[in-house]
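Inspection log for the structure reproduced underneath, given as structure tokens.
The values are calculated or read from the model by the stated rules, or taken from the named source; none is laboratory data. Only a predicted model underlies this, so the values are computations on that prediction, with no experimental measurement involved. Here the Cβ positions follow ideal geometry from the backbone for every residue, glycine too, while neighbour counts run over all protein chains shown. Note: accessible area is taken over every heavy atom of the protein model, side chains too, but ligands, DNA and RNA are not part of it. Shrake-Rupley method; radii C 1.70, N 1.55, O 1.52, S 1.80 Å.
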Amino acid sequence: MIVTDARLAELAAALGRALQARNLRVATAESCTAGWIAKALTDIAGSSQWFEGGLVAYSNAAKSSLLGVPAGLIAVHGAVSEPVVRAMAEGARARLGVALAVAVSGVAGPDGGTPDKPVGTVWFAWANGRETTAVREQLDGDREAVRRQSVALALNRLIELAETR
């Protein structure tokens with residue numbers, strides 16, 4: 001799937017409208033997307049009304065220090081895992097004091113993949129205070145394609161969550 005800059009802008013704007021209509025704020029916790037979700041959101045004029053902030057926690061140490069992910073959780077499951085991405089989303093939501101947060105951790109490539117977590121493996125989590133949901137996706141393409149698809153997937157689910165609040 002090819003995700004264009006225009007598509008990311010459409011999704012970010014739709015999220016902004018949904019958040020603003022419900023007086024909600026969102027935060028991001030990003031690893032493999034390295035702030036791209038936050039960039040897409042802040043490209044929208046007026047995003048300060050609904051975007052609180054984003055944390056790029058690329059290293060394991062940053063995931064622990066910035067988001068409160070227990071180092072033991074990372075040691076047992078790896079950074080690209082459901083427990084870690086859930087903890088990232090919950091940490092971002094709690095630390096930034098928002099209604100919604102998204103977290104992303106994955107193997108964008110071109111190397112770094114393993115048989116259990118091949119290149120293109122990306123874990124997502126969304127925390128809304130009532131529950132935290134997570135999903136694993138296996139994305140195709142080069143590093144940029146995996147990251148673009150990750151941003152789009154993260155934004156799509158945030159829109160769904162915002163619209164049902």
Checklist entry - Restricted to region 65-105, and to residues that are in contact with a helix residue (DSSP H, G or I) (Cβ under 9 Å, 6 or more places away or on another chain) and of a type in the set (V, I, T), which residue is farthest from L19 (Cα to Cα)? => result V76
Checklist outcome for this item: Restricted to region 34-44 and to residues being touching a helix residue (DSSP H, G or I) at 6+ places or on another chain (Cβ under 9 Å) and surrounded by fewer than 18 Cβ atoms within 10 Å (Cβ to Cβ), the residue nearest to A61 (Cα to Cα) is A34
Item to check | Scope region 22-33; condition open to solvent by less than 50 Å² (accessible area, probe 1.4 Å) and in a loop (DSSP other than H, G, I, E, B); matching residues | outcome: L24, S31, C32, T33
Item to check | Filtered residue count, region 125-143, keeping only those that are over 16 Å from M1 (Cβ atoms) and either open to solvent by less than 20 Å² (accessible area, probe 1.4 Å) or touching a Cys at 6+ places or on another chain (Cβ under 9 Å) (or both) | outcome: 4
Checklist outcome for this item: Note: among V69, V122, V146, V85, just one is open to solvent by less than 10 Å² (accessible area, probe 1.4 Å) and assigned to a loop (DSSP other than H, G, I, E, B), namely V69
Next on the checklist: As an exercise: evaluate S64 against (1) in a loop (DSSP other than H, G, I, E, B); (2) open to solvent by 20 Å² or more (accessible area, probe 1.4 Å) and give the number of the one condition it does not meet.
Outcome noted: (1)
